[in-house]
Amino acid sequence: MAKNPDAIYASPLDEMIDFRFDERVVDVFPDMIQRSVPGYGTLISNIGILAARYAQKNSHCYDLGCSLGAVTLSMRQRIKQPGCDIIAVDNSPAMITRGQKILDSDPSSTVPVKLVCADIQKIDIENASVVVLNFTLQFIPLDERLILITRIYQGLKAGGILILSEKIAFEDPKQQDFQTAIHHDFKRTNGYSDLEISQKRAALENVLIAETLSCHQQRLSDAGFTFSHTWFQCFNFMSLVAIK
Ligand code: GEK
C-alpha cells in the first residue's frame, strides 16, 4: 500500500500542541513510524516469529496500543496453534477505524482478530500466551506503568511472554547525547529536516516519557517476571522479551 508522506512538522508552528494520535497522524502513520523508529520493520516481522513460537493453543494474543495493526498482522500470518485469537486494542478511534479497514483487506490468515477501541489500562487481560506492547508503555503515565505490567503478568499463562519495545533513556549523559545524535542522523537520513525533528521532539516532550533499560527490567521483576532479555536494540530503541 502507498504510504502518505509525513509532513506534519515540516512548517513552523505558531503554537506547540502535545502530540496526539488523531486523524492527521493516522493518515501518515506508517511513513512516520518507519522513518522515526530504527529497525521498526525488523521488529514487526520478528514479533511474528516470537509469537509463532510462544502462542499456546486455545489462548489469546494481545497487541496493546495496536495503532494500525502492524504487529497484529505479523502475528496473524505466523501463528499456527489451534484455537488462538488476537485481541488488538488502541484508545484512538481514528487508529481503530483505519486499522479495521487494513485488517479487512488482508486475507492472509484465518486467525480471528478482535479490534477494540479502549484504554489498555481498563481492559481484562486473561488466558494470554503472548502480550505485545510495541512502543506503547512509553505513553502511559509513569506511576501507572507497574500496575499495567502486573496485570499483564497475572493474565499470562505459564510459559507465556510479554514483548516490550520502547524508546529508552540512558543514565550516562554522554551516552544519552551520543544515542540522541545518532537517532537524529537516522531521521535526517530519512528526509526529516532539523525543524521537523525539533518540533516533533517538543510535541512529544510531555507525552512520550522514556526510561532506562534497567528501570524497565526492575519493573518487570517487580511485576513477577523472573526472566527478561533484550532481543533487539538499535540506538535508543530496544525490545525486551519477558517469560512467565
Ligand atoms: C505498532 N504498536 O505499529 N490505551 C490504548 N492505546 C493507547 C494508550 C492507552 N492508554 N496510550 C497510547 N495508546 C504500534 C505502534 S504507537 C507508538 C504504537 C508511536 C496508543 C496510541 O493511540 C498509539 O496508537 C499507540 O498507543 C502508540 O507497532 O507512535 O510511537
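Globularity index of segment 47-187 is 1.12 (Cα radius of gyration / 2.2 N^0.38 Å, N = number of residues).
Under 5 Å between amide hydrogens, built in the peptide plane, is the criterion, and for residue 165 it picks out 133, 134, 135, 136, 240 among residues at least 5 positions away or on other chains.
In a GNM of the chain with a 10 Å cut-off on Cα contacts, which of 149, 125, 140 has the highest mean-square fluctuation? Sorting by GNM fluctuation, first place goes to 140. In segment 86-242, taking the dipole from charged Cβ atoms about the Cα centre, the farthest positive-side position among 220, 133, 178 is held by 133. Overall, segment 86-166 carries a charge dipole of about 120 debye about its Cα centre when +1 sits on the Cβ of Lys and Arg and -1 on the Cβ of Asp and Glu, all other atoms neutral. Dipole magnitude for the chain: computed about the Cα centre from +1 point charges on Lys and Arg Cβ and -1 point charges on Asp and Glu Cβ, it is near 1040 debye. Most fluctuating residue of 142, 43, 103 in a GNM of the chain with Cα springs under 10 Å: which is it? Comparing 142, 43, 103 in a Gaussian network model of the chain, the most mobile one is 142. Beta bridges from DSSP with both residues in the chain: antiparallel share about 40 percent, rounded to the nearest 5. Calculate what fraction, in whole %, of the accessible area of segment 85-157 sits on carbon and sulfur atoms when a 1.4 Å probe is rolled over the protein chains. Percent of accessible area from carbon and sulfur atoms in segment 85-157: 53. A simple rule links phi to the HN-Hα coupling: the Karplus curve 6.51 cos²θ - 1.76 cosθ + 1.60 with θ = phi - 60°, which for segment 127-142 gives 6, 9, 10, 9, 10, 10, 10, 8, 6, 10, 4, 4, 9, 8, x, 3 Hz, with x for Gly and Pro. By the rule of a C-alpha distance below 17 Å, with chain neighbours fewer than 8 residues away ignored, the aspartates and glutamates paired with residue 114 are 63, 85, 90, 104, 106, 124, 126.
Computed in the context of the full set of protein chains, the accessible area of segment 1-77 at 1.4 Å probe radius has 51% of its extent on carbon or sulfur.
Between the listed residues 48, 17, 58, the Cα displaced farthest toward the positive end of the dipole of segment 1-103, a dipole computed from Cβ unit charges relative to the Cα centre, is found at 58.
Dimensions of the chain from C-alpha coordinates, computed as largest minus smallest value along each principal axis and given longest first, are 51, 42, 29 Å.
Computed per residue of the chain from DSSP H runs no shorter than four, each worth -39500 (n - 2.57), the mean residue ellipticity at 222 nm is -13000 deg cm²/dmol.
FRET efficiency for the pair residue 215 and residue 194, taken as 1/(1 + (r/R0)^6) with r the Cβ-Cβ distance and R0 = 30 Å, rounds to 0.50. For the chain, the solvent-accessible area with a 1.4 angstrom probe is 48 square angstrom per residue. Averaging the Cα positions of each part gives two centres, and for segment 13-47 and segment 137-190 these lie 16 Å apart. Straight-line cross-link reach from residue 200 at under 19 Å between alpha-carbon atoms covers these lysines, not counting any fewer than eight positions away in the same chain: 167, 187.
Counting only Cβ charges, +1 for Lys and Arg and -1 for Asp and Glu, the dipole size of segment 99-244 around its Cα centre is about 280 debye.
The values are calculated or read from the model by the stated rules, or taken from the named source; none is laboratory data. Everything numeric in this text was worked out from a predicted model, so none of it was measured. For neighbour counting, all protein chains shown are included, and Cβ atoms are generated from backbone atoms with ideal geometry for every residue, glycine included. Areas reflect the complete protein model, heavy atoms only, side chains present, ligands, DNA and RNA absent. Shrake-Rupley method; radii C 1.70, N 1.55, O 1.52, S 1.80 Å.
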